[in-house]
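Where a number appears in this text, it was derived from the coordinates with a stated rule and is not lab data. Keep in mind that what you see is a predicted model, and the values were worked out from it rather than measured. Note that each Cβ is placed from the backbone with ideal geometry, even for glycine, and that neighbours are counted across all protein chains shown.
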Amino acid sequence: MNRSVAPTTIAPPAARYSHAVLSVGAERVLHTSGVVPIAPDGQVPEGLVEQAEVVWANLGAILADAGLTTDDVVSMTTYVVQGEELGPVMAVRDRVLGGHLAASTLVVVPSLARPEWRVEIALVAAR
C-alpha cells in the first residue's frame with residue numbers, strides 16, 4: 001500500500017530516505033504533532049542522541065497506540081537546533097526505522113519551544 005517514489009530522472013536522495021511515498025487505499029492515516037524529548041518520567045536528557053532516542057520512543061508509543069508501526073511511516077519532518085550535529089540524529093532515525101525508507105525533511109532551526117529541547121520530530125504514517 002505504501003510505495004516509495006524514486007524517479008530515475010532526478011538525483012537520488014542525499015541520505016537514507018525516499019523522495020516521496022505513495023499511499024494507495026489507506027484505511028488508517030496518522031499525523032503527529034511535533035514530538036519532543038520528554039521521557040515518560042518528565043525528564044529531558046541532556047545529550048542529543050539520548051534526546052533523539054526519547055523522541056523515537058515517544059513516536060513508537062504513539063504509533064503502537066494507533067495500531068501502526070515504524071514500517072507504516074510515510075513522511076517525517078525533523079527539527080534540530082542549529083549547531084548540533086545532524087549525523088547522530090539521522091543515525092538514530094535509521095536504526096529505529098531498520099532500513100524502512102520514508103519521505104524525510106531535516107530542518108535546522110535557531111531554537112525550539114523550550115531551550116532544553118534540541119530535536120523534535122513530526123511524522124505521518126499510513127496503513
| task | Would you please name the GluC sites (Glu not before Pro) within region 50-115 that are DSSP coil residues with at most 11 other C-beta atoms within 10 Å of their C-beta? | result | Glu85
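Per residue of the chain, what 222 nm ellipticity follows from adding -39500 (n - 2.57) for every DSSP H run with n ≥ 4, rounded to the nearest 500?
So the helix-based figure for the chain works out to -7500 deg cm²/dmol.
Please give the length that would be gained between Ile10 and Glu27 if that part of the chain were fully extended, namely 0.36 nm times their separation in residues minus their C-alpha to C-alpha distance (nm, one decimal).
Numbers: separation 17, 0.36 × 17 = 6.12 nm, distance 3.07 nm.
Here the segment from Ile10 to Glu27 would lengthen by 3.1 nm.
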| query | Just one of (i) 35, 17, 13; (ii) 25, 18, 11; (iii) 25, 15, 13 is semi-axes √(5λ) of the Cα gyration tensor in Å as worked out from the coordinates here. Which one is it? | reply | (ii)
| Between Ser111 and Gln43, what length comes free when the chain is fully extended (0.36 nm per residue of separation minus the Cα-Cα distance, one decimal in nm)? | 22.6 nm
